[in-house]
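Enquirer: Have a look at this one before I ask anything.
The values are calculated or read from the model by the stated rules, or taken from the named source; none is laboratory data. Note that the structure is predicted; figures quoted are calculated from it, not measured. Neighbour counts run over all protein chains shown; Cβ positions are idealised from the backbone, glycine included. Heavy atoms of the whole protein, side chains included, go into the accessibility calculation; ligands, DNA and RNA do not. Shrake-Rupley method; radii C 1.70, N 1.55, O 1.52, S 1.80 Å.
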Amino acid sequence: MIEKDKLNLFASYLPVVSVDLSIKYNNMFLLVRRNNYPAKNKFCFVGGIVQKSEKIGQAINRISKRELNIVIKDFKFLTYRQFDFPKDFSNIKNKISYLSLCHEVSLNKKQVLNIKPNNENTKIIYLSKKELLLKNNVLFQVKRFIKEIY
């Protein structure tokens, strides 16, 4: 996780490159309730910022290991999204502009059984597309993505 003062500096000049993982198991989407900003207390995809000199596959593995306690080797690039989080949504001085590289991941039963949340996530849930679109505290970017892609 990037420190707040460093994120403020980056956000004032550059978009942040991140990966977001549309993780599926039995036609259900895995979402995590975030415990930090941006999008604190919202249900979101697993994701995070790509670090300097890191390959996309390495970022996906690092983030999935940190956030779910599993390693993801099979993933498929779906699309990219550009979006901004306003200042008041991010709890930082500047709005954050993201360039998110969205990937799809299908889990097997062994991976699902090994999933454990970390301190960045307060809860992990699986929702159908319909449930996800109806749930109030799912991040609006996630809902828009699901409507457009699935």
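Enquirer: Give me the log10 of I(q) over I(0) for the chain at q = 0.15, 0.18 Å⁻¹, as the Debye formula computes it from C-alpha points; what are the numbers?
Expert: -0.75, -1.12
Enquirer: Give the accessible area for Arg81 in Å² (nearest 10); use a 1.4 Å probe, count only protein heavy atoms, and leave out ligands, DNA and RNA.
Expert: 50 Å²
Enquirer: Would you work out the charge dipole size for the chain about its Cα centre, treating the Cβ of every Lys and Arg as +1 and the Cβ of every Asp and Glu as -1, and quote it to the nearest 20 debye?
Expert: Value, rounded to 20: 300 debye.
Enquirer: Specify the longest stretch of the chain that does not include any exposed loop site, a site being one of the GluC sites (Glu not before Pro) with a non-H, G, I, E, B DSSP assignment and at most 16 other Cβ atoms within 10 Å.
Expert: On the way: sites that count: Glu3, Glu54, Glu120.
Counting at most 16 other Cβ atoms within 10 Å as exposed, the longest clean stretch of the chain is 55-119.
Enquirer: First compute the accessible area of the chain with a 1.4 Å probe, then give the percent of it belonging to carbon and sulfur atoms.
Expert: Accessible surface attributable to carbon and sulfur in the chain totals 52 percent.
Enquirer: Taking a probe of 1.4 Å, how large is the accessible area per residue of the chain, in Å²? Intermediate values should be presented prior to the final figure.
Expert: Numbers: 8650 Å² over 150 residues.
So the chain comes to 58 Å² accessible per residue, rounded to a whole number.
Enquirer: Let me ask something additional. Can you tally the lysine pairs in the stretch 2-76 where the Cα-Cα distance is under 17 Å and the two residues are eight or more apart, or on different chains?
Expert: 9
Enquirer: Only bridges whose two residues both fall in the chain count here: according to DSSP, what percent of them are antiparallel, nearest 5?
Expert: Values: 24 of 34 bridges.
If I count the DSSP bridges inside the chain, around 70 percent turn out antiparallel.
Enquirer: Still on this structure, please answer the following. Which residue, chosen from Gln111, Ser100, Leu133, occupies the Cα position most advanced towards the positive end of the dipole of the stretch 39-150, where the dipole is computed from +1 (Lys, Arg) and -1 (Asp, Glu) charges on Cβ about the Cα centre?
Expert: Gln111
Enquirer: Taking a temperature of 25 °C and a viscosity of 0.890 mPa s, what whole-number D in µm²/s does Stokes-Einstein yield for the stretch 1-85 with Rh from Kirkwood over alpha carbon pairs?
Expert: D, rounded to a whole number, is 175 µm²/s.
Enquirer: Could I ask something else about it? Return the FRET efficiency for the residue pair Leu113, Tyr13: r is the Cβ-Cβ distance, R0 is 41 Å, and the value is rounded to the nearest 0.05.
Expert: It comes to 0.45.
Enquirer: Please list, or write none, the aspartates and glutamates whose alpha carbon is within less than 19 Å of the alpha carbon of Lys109, excluding same-chain residues fewer than 8 places away.
Expert: Glu67, Asp74
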